[in-house]
1. How many of the residues making up the stretch 145-172 are farther than 22 Å from Tyr257 by Cβ, in a helix (DSSP H, G or I) and in contact (Cβ under 8 Å) with a residue 12 or more places away in the chain?
2. Can you tell me which of (1) surrounded by fewer than 18 Cβ atoms within 10 Å (Cβ to Cβ); (2) in contact with a His (Cβ under 7 Å, 6 or more places away or on another chain) is the one Ser161 doesn't meet?
3. Find the residue count for the stretch 135-164, including only residues that are within 30 Å of Asp56 (Cα to Cα) and touching a Lys or Arg at 6+ places or on another chain (Cβ under 6 Å).
4. Taking the stretch 45-92 as the region of interest, how many residues are farther than 16 Å from Gln30 by Cα, in contact with a strand residue (DSSP E or B) (Cβ under 7 Å, 6 or more places away or on another chain) and part of a helix (DSSP H, G or I)?
5. Return the pairs, sorted by first residue and then second, in which the second residue is part of a loop (DSSP other than H, G, I, E, B) and open to solvent by less than 50 Å² (accessible area, probe 1.4 Å), the first residue lies in the stretch 245-257 and is of a type in the set (Gly, Ala, Ser), the beta carbons are less than 8 Å apart, and the residues are 6+ apart or on different chains.
6. Got a number for residues in the stretch 206-233 being at pLDDT below 95 and among the aliphatic types (A, V, I, L, M)?
7. Could you list, in sequence order, all residues of the stretch 101-117 that are free of Cβ contacts under 8 Å to residues at least 60 places away in the same chain and either open to solvent by 80 Å² or more (accessible area, probe 1.4 Å) or of a type in the set (Asp, Glu) (or both)?
Amino acid sequence: MSEPIADHAEPSAAAADGEVSSARFWNACQGGKDNYERDRQAVEAVEAIAPGISADARSARQFLRRTVRWAAAEAGVTQYLDLGAGLPLEPDIHHIVSRHQPDARVLYVDNDPVVLAHQGAYQDPPLSSYIDADMRDTDTVLAHVTECFDLAEPVMLTFSSVLGHFSDEEAHAFIGRLLDRLAPGSCLMLSHDIPTPAIIKACEVYSAAPGALPYQPRTIEQLLRFFDGMDIVEPGLVPLFEWRPDDATEMTEIMGYGAVGRLR
């Protein structure tokens, strides 16, 4: 298990300069320990604009866990590509899917130096591994995917609240290139905030923080376009807490939506 940054690590140069790390920001929102005071202050500033944003972040993490559990236990998927993995926060994908698919393989991808410093928590050979790469660099990502996975079998792609950091053109381009290489039955999971007035303002506040990666919400119509040509798994594109809730599901204000699609 990774050690909490706040208690055990020297601040990076960026942190010393007062910059907010996107990975640490979301870790703070989700109740993790791998963050600094300045990240928690950024969360407080955003929370003041959009009360419930931390609960929404926790809901996104819960949604990720439920969707990969569904894929492993019900859809029989054994291969998982987590793009924009962020900081580890147990249970992570490899902990969940291995309970249902002992031969599962998980590849985590991120290009945040903060996440890179904690990559050891993602590496559990042969079950899981981590690569330091920009998800837009699909040549590099696919090279590792080809080494780790059997592309004749289904793969699940997960994008947990990260696509807001990219334009529509960028996101559709790299998702399309990845899906083009995958077998029928492969899955695309995404969670994303929608543009309510509070979220729009909160994104402006967050994006203005030093070091933060700008984030833009998307409409439901924009999110549905990512699933063109796919079958959307029931119950469809819905508020995160409405997607096959379990006993751990936290009810929140409707900020984030999510869905899982399957390639025909």
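1. Residues meeting the conditions: 2.
2. Every condition holds for Ser161 apart from (1).
3. To start, the set of residues in the stretch 135-164 that are within 30 Å of Asp56 (Cα to Cα) comprises 135-138, 141, 154-164.
From the residues that got through so far, the ones that are touching a Lys or Arg at 6+ places or on another chain (Cβ under 6 Å) too are 138.
The total comes to 1.
4. Counting residues in the stretch 45-92 that are farther than 16 Å from Gln30 by Cα, in contact with a strand residue (DSSP E or B) (Cβ under 7 Å, 6 or more places away or on another chain) and part of a helix (DSSP H, G or I) gives 3.
5. Gly256/Ser161; Gly256/Ile194
6. Count: 4.
7. Pro102, Asp103, Asn111
A quick yes/no check of all residues on (1) among the charged types (D, E, K, R); (2) open to solvent by 40 Å² or more (accessible area, probe 1.4 Å):
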| position | (1), (2) |
| --- | --- |
| Gly32 | no, no |
| Val43 | no, no |
| Ile49 | no, yes |
| Gly52 | no, no |
| Gln62 | no, no |
| Trp70 | no, no |
| Glu74 | yes, yes |
| Leu81 | no, no |
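The values are calculated or read from the model by the stated rules, or taken from the named source; none is laboratory data. Just so we're clear, the structure is a prediction, and the values are computed from it rather than from any experiment. Ideal geometry is used to build each Cβ from the backbone, glycine not excepted, and the neighbour counts take in all protein chains shown. Note: areas computed on protein heavy atoms with side chains; ligands, DNA, RNA excluded. Shrake-Rupley method; radii C 1.70, N 1.55, O 1.52, S 1.80 Å.
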